[in-house]
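Visitor: Can you keep this structure in mind? I'll have questions shortly.
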Amino acid sequence: MIKIAVVGATGLVGTEMLKVLEEMHFPAHEFLFCASEKSIGKKIVFCNHTYQIISVHEAIEANCNIAIFSAGSETSKKFAPLFANKGTYVIDNSSCWRMYPDVPLVVPEINAHTINEHTKIIANPNCSTIQMVLALAPIHKNYNIKRIVVSTYQSVTGTGMKAFQQLMSERKGEACEKVYPHSIDLNCFPHGGTFLPNGYTTEEQKLVDETRKILGDPSINVNATVVRIPVIGGHSESVNIELEHDFDINQIKNILSSSQGIVVLDDPQQNIYPTPQIAHGKNEVFVGRIRRDETIKNGLNLWIVADNLRKGAATNAVQIAFYLVQKYFS
Ligand code: A2P
């Protein structure tokens, strides 16, 4: 009898999580949905049943097998250890636990093997990192990536419900609570998270640290610029990589096409390449504009797009949950 809790069930990622659990027919016998105190008792519909939002404390006491968190770092910091102490596996979508050496940081297609029964807290990587490493892992395996230069074009949905509402309110000319330092509609800014002393942002640093951890290679150089754009549906990334070994461009396309979870959309003459509208609501990572960088030896350019609420968050978390079910609960 598998019991699973979703903490942050009313948020943007939480709502997507419910859709993915339903679509993938997640084999749980009992579902518990939690949010903040203000939402307790509210109704939520899942798989044609109406559930009441319960408190996190109630879910902890319920001795769940798995709890998927998407309620921000503070909530994860406070409550994830309480679930873990009860023997519940926590899949945490926040950045709180990602860089702890003992916490697996998992993209299942790449490194599910880092999960073991002693590591009750499992971190879901940052959305921009997940889509990038999913495409880069098979290339790294075959050609050894030395350096990555990535610029992101990130959807407002990555900042949560209030950011989405800011974009929509600005579009209608309505007053609203601002979560960004600038207008986002008809604008873009190179600012994700907060600025660090080295001039990079916290979102940029995540791309550096998490990529190295997931690919298990601290020698990879990563240079990131994160840009927020007025888009919903997905994050896009312009990724330039330098490989140790020479490659054949068709071989790269074949490797990507045959990799799990990746769809190659690359026929520029027919205007075929990934866009956030194509990725919206899909679980795959889309790759296009695959071309040689002619300015360096063994250089390659990719355009990588994914729905940040899906593979960048909910889908990846649910895939980890499936892995746990297969490994420990079946
Ligand atoms: P609530 O809707 O009650 O505020 P988003 O990132 O889209 O803003 O969503 C954040 C999610 O995290 C929401 O479901 C929110 O619930 C939930 N949340 C925020 N704070 C807490 C908390 N202290 N305990 C549990 N859930 C929380």
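Visitor: Counting just the residues of segment 73-85 that are in contact with a helix residue (DSSP H, G or I) (Cβ under 6 Å, 6 or more places away or on another chain) and within 19 Å of ALA317 (Cα to Cα), which one comes out farthest from the ligand (Cβ to nearest atom)? Steps first, please.
Guide: Start the filter on segment 73-85 by keeping residues that are in contact with a helix residue (DSSP H, G or I) (Cβ under 6 Å, 6 or more places away or on another chain), which leaves 79, 82-83.
Restricting the remaining residues to those that are within 19 Å of ALA317 (Cα to Cα) gives 79, 83.
On the way: PHE79: 7, PHE83: 12 Å.
Filtering segment 73-85 for residues that are in contact with a helix residue (DSSP H, G or I) (Cβ under 6 Å, 6 or more places away or on another chain) and within 19 Å of ALA317 (Cα to Cα), the one farthest from the ligand (Cβ to nearest atom) comes out as PHE83.
Visitor: Okay, moving on. Return the residue satisfying two criteria in turn: it lies in segment 130-178 and is of a type in the set (Phe, Trp, Tyr) and away from the ligand (no atom under 16 Å from the Cβ), and of such residues it is farthest from THR275 (Cα to Cα). Let's see the steps before the verdict.
Guide: Within segment 130-178, the subset of a type in the set (Phe, Trp, Tyr) is 143, 153, 164.
So of that shortlist, the ones also away from the ligand (no atom under 16 Å from the Cβ) come out as 143, 153.
Numbers: TYR143: 27, TYR153: 11 Å.
The qualifying residue farthest from THR275 (Cα to Cα) is TYR143.
Visitor: Hey, another quick one. Suppose we filter segment 14-30 for residues that are out of contact with any strand residue (DSSP E or B) (no Cβ under 6 Å at 6 or more places or on another chain), hydrophobic (A, V, I, L, M, F, W, C) and either within 19 Å of ALA59 (Cα to Cα) or assigned to a loop (DSSP other than H, G, I, E, B) (or both); how many remain?
Guide: Total satisfying the criteria: 3.
Visitor: Can you confirm whether LYS172 is of a type in the set (Lys, Arg) and farther than 29 Å from GLY14 by Cβ?
Guide: no
Visitor: Same structure, new question: When residues of segment 135-149 are filtered for being within 16 Å of the chain's Cα centre (by Cα) and open to solvent by less than 10 Å² (accessible area, probe 1.4 Å), how many remain? Before you say what the answer is, go through the steps one by one.
Guide: Applying the first criterion (within 16 Å of the chain's Cα centre (by Cα)) to segment 135-149 yields 135-137.
Filter again for open to solvent by less than 10 Å² (accessible area, probe 1.4 Å), leaving 135-136.
Number satisfying all stated conditions: 2.
Visitor: List every residue pair whose Cβ atoms lie under 8 Å apart, where the two residues are 6 or more positions apart in sequence or sit on different chains, the first residue falls within segment 159-173 and is open to solvent by less than 30 Å² (accessible area, probe 1.4 Å), and the second residue, located anywhere, is of a type in the set (S, T, N, Q).
Guide: Hits for this filter: ALA163/THR157.
Visitor: Of all residues in segment 31-45, which are surrounded by fewer than 12 Cβ atoms within 10 Å (Cβ to Cβ) and outside any strand (DSSP E or B)? Working first, answer last.
Guide: As a first pass, look at segment 31-45 and keep what is surrounded by fewer than 12 Cβ atoms within 10 Å (Cβ to Cβ): 37-38, 41, 43, 45.
Listed by number, the residues that qualify are GLU37, LYS38, GLY41.
Visitor: Considering only residues of segment 1-28 that are near the ligand (Cβ under 10 Å from one of its atoms) and in contact with a Lys or Arg (Cβ under 8 Å, 6 or more places away or on another chain), which is least open to solvent (accessible area, probe 1.4 Å)?
Guide: My answer is GLU16.
Visitor: Ok, one more. Out of the residues in segment 30-45 that are more than 9 Å from the ligand (Cβ to nearest atom) and more than 14 Å from VAL6 (Cβ to Cβ), which is farthest from the chain's Cα centre (by Cα)?
Guide: GLY41
Visitor: Count, please, the residues in segment 264-298 that happen to be assigned to a strand (DSSP E or B) and over 27 Å from LEU21 (Cβ atoms).
Guide: Taking segment 264-298 first, the residues assigned to a strand (DSSP E or B) are 264, 267, 272, 285-293.
Subset that is over 27 Å from LEU21 (Cβ atoms): 264, 267, 272, 288-293.
Residues flagged as assigned to a strand (DSSP E or B) and over 27 Å from LEU21 (Cβ atoms) within segment 264-298 amount to 9.
Visitor: To continue, here is another question. CYS176 versus (1) surrounded by 14 or more Cβ atoms within 10 Å (Cβ to Cβ); (2) touching a helix residue (DSSP H, G or I) at 6+ places or on another chain (Cβ under 6 Å): which is the lone unmet condition?
Guide: (1)
Visitor: Starting from residues that are part of a helix (DSSP H, G or I) and open to solvent by 30 Å² or more (accessible area, probe 1.4 Å), keep the ones in segment 46-72 and report whichever is nearest to the ligand (Cβ to nearest atom).
Guide: Filtering segment 46-72 down to residues part of a helix (DSSP H, G or I) leaves 56-61.
Next, from what is left, pick out any that are open to solvent by 30 Å² or more (accessible area, probe 1.4 Å): 57-58, 61.
Working: HIS57: 10, GLU58: 11, GLU61: 15 Å.
Filtering first and then ranking leaves HIS57.
Visitor: If TYR89 satisfies every condition in (1) more than 10 Å from the ligand (Cβ to nearest atom); (2) in contact with a strand residue (DSSP E or B) (Cβ under 8 Å, 6 or more places away or on another chain); (3) within 18 Å of GLU22 (Cβ to Cβ) but one, which is the exception?
Guide: Result: TYR89 fails condition (3) only.
Visitor: Now, a different point. Look through ASP217, ASP246 and report the one residue that is among the charged types (D, E, K, R), more than 22 Å from CYS127 (Cα to Cα) and part of a loop (DSSP other than H, G, I, E, B). Steps first, please.
Guide: Values: ASP217 fails: more than 22 Å from CYS127 (Cα to Cα).
Answer to the check: ASP246.
Visitor: Another question, if that's okay. Is it the case, given these coordinates, that ALA321 is modelled with pLDDT of 95 or more, touching a Cys at 6+ places or on another chain (Cβ under 9 Å) and open to solvent by less than 30 Å² (accessible area, probe 1.4 Å)? Give the steps one after another, and end with the answer.
Guide: Values: modelled with pLDDT of 95 or more: yes; touching a Cys at 6+ places or on another chain (Cβ under 9 Å): no; open to solvent by less than 30 Å² (accessible area, probe 1.4 Å): yes.
In short, no.
Visitor: While we're on this one: Just to be sure I understand the filter: pairs with C-beta atoms under 6 Å, separated by 6 or more residues or on different chains, first member in segment 23-41 and under 17 Å from ALA314 (Cβ atoms), second member within 7 Å of the ligand (Cβ to nearest atom) and assigned to a strand (DSSP E or B). Which pairs pass?
Guide: Close Cβ pairs satisfying both conditions: CYS34/VAL7.
The values are calculated or read from the model by the stated rules, or taken from the named source; none is laboratory data. It should be emphasised that the depicted structure is a prediction, and the values quoted were computed from it without experimental measurement. Virtual Cβ from ideal backbone geometry, glycine too; neighbours counted across all protein chains shown. Areas reflect the complete protein model, heavy atoms only, side chains present, ligands, DNA and RNA absent. Shrake-Rupley method; radii C 1.70, N 1.55, O 1.52, S 1.80 Å.
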